[in-house]
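Data first, discussion second: the structure below is written as structure tokens.
Derivation of every value follows stated rules applied to the coordinates shown; laboratory data play no part. Note that the structure is a prediction, hence the values are computed from the model and not measured. Because the Cβ atoms are built from the backbone with ideal geometry, glycine has one as well, and the counts that use them run over all protein chains shown.
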Amino acid sequence: MQATIGIDVGGSTTKIVGFRHTQDGGRELIEPLFVRATDPLTSAYGAFGKFTALSHLGLGDIRRVMVTGVGSGELGDRLYNLPCTRVEEFFSIGRGGLFLSRLDEAIVVSMGTGTALVHAKSDGTTEYLGGTGVGGGTLVGLSKLLLKMDSIDHIGELCREGDLSKIDLRIGDIMKAGGMPSEMTAANFGNVSDIATKGDIALGLSNMIFETIGMMAIFAARAYHVANIVLIGNLSAYPTCRATFENLSKMFSVNFIIPEASRFATVIGAALCEGDPA
């Protein structure tokens, strides 16, 4: 059974996925995986070797490799003498976000080292709307300065102990009545307590980053009259991500969706692009 492989060579991780092509013309998703490495070639070849071994795929079983991501240009047009096709990352983001969410149209937000926003439709129309440098890189960098730690997993654990009331200024702190929800943030880090703990700071950082990304996505959804916002990328699996976006959904009447396997959406989108016109 032939398979198509997708590889997303990112700034800090490389993700890989595959689809087996069935006799009836369908596709079966092969369990994705990721590896951490800063060198694009090392991470791509390492991920490919590990993935094919775990999936019991030989080189003869693979008909094409679809590559995307900021480091994909390092790979050239062959990988282990297999043909490689480069897919624009923004197209992969849109295709993967719609596939996992099973939607026909959405604003797809890829939250990785930085953040990108795409307006995607099931007819293949994909428009890159812009992005922001605020993302996982911001979280790690500020945590290194403020918390003296740069492991995103450890930072996420610290967040579980945090209390935002010791960090953020909320609408309820400055006005007792009005049209805005009292729990809405008035100023991130605008109410830092003298007794704020590392957990409080870690939670404040992640909340600031997710609220910034969330508001950009809400503005985009309103501009394009789209009801659904799909969140993908490594940060979509971060411990506090879901809770923050659920709060934003309630306050602004939008539908944020974090689909299963959301961190692999871009590489899934790239693999799905096999056979598309160049």
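Any lysines with Cα under 17 Å of the Lys148 Cα? List them, leaving off those in the same chain fewer than 8 positions away.
Within the straight-line cut-off, Lys148 pairs with Lys198.
So what's region 101-261 giving for Cα Rg divided by 2.2 N^0.38 Å, two decimals? Don't jump to the answer; show the numbers that get you there.
Details: Rg = 16.1 Å, N = 161, 2.2 N^0.38 = 15.2 Å.
Cα-based Rg divided by the globular estimate yields 1.06.
Let me spell out the model: positive unit charges on the Cβ of Lys and Arg, negative unit charges on the Cβ of Asp and Glu, origin at the Cα centre of region 139-212. What dipole size does that give, in debye rounded to 20?
Values: 7 positive and 11 negative charges, 25 e Å.
Roughly 120 debye, rounded to the nearest 20.
Report, in whole Å, the centroid distance computed from the Cα atoms of region 108-180 and region 186-220.
7
Please work out the Kirkwood hydrodynamic radius for region 3-86, using every pair of different C-alpha atoms, and report it in angstroms with one decimal place.
12.7
Do any of Lys166/Lys250; Lys121/Lys250; Lys15/Lys144; Lys50/Lys144; Lys144/Lys166 go past 27 Å between their Cα atoms, and which?
Details: Lys166/Lys250 23 Å; Lys121/Lys250 25 Å; Lys15/Lys144 25 Å; Lys50/Lys144 31 Å; Lys144/Lys166 20 Å.
Lys50/Lys144, as the Cα separations exceed 27 Å there.
Would you mind telling me which residue in Gly204, Gly172, Gly112 has the biggest mean-square fluctuation in a Gaussian network model of the chain, where springs connect alpha carbons within a distance under 10 angstrom?
Gly172
Quick one: work out the % antiparallel among DSSP beta bridges in the chain, nearest 5.
Rounded to the nearest five, the antiparallel share is 65 percent.
Where in the chain are the DSSP H helices whose alpha-carbon span along the long axis reaches 24 Å or more and whose Kyte-Doolittle mean is at least -1.0? Walk me through the intermediate numbers first.
Working: long enough: 198-223 (38 Å, 0.93).
Helices passing the filter in the chain: 198-223.
What 222 nm value per residue comes from the helices of the chain, counting each DSSP H run with n ≥ 4 as -39,500 (n - 2.57) and dividing by all residues, nearest 500 deg cm²/dmol? Please list the in-between numbers first.
Details: 8 runs with 98 residues, N = 278.
So the calculated ellipticity at 222 nm is -11000 deg cm²/dmol.
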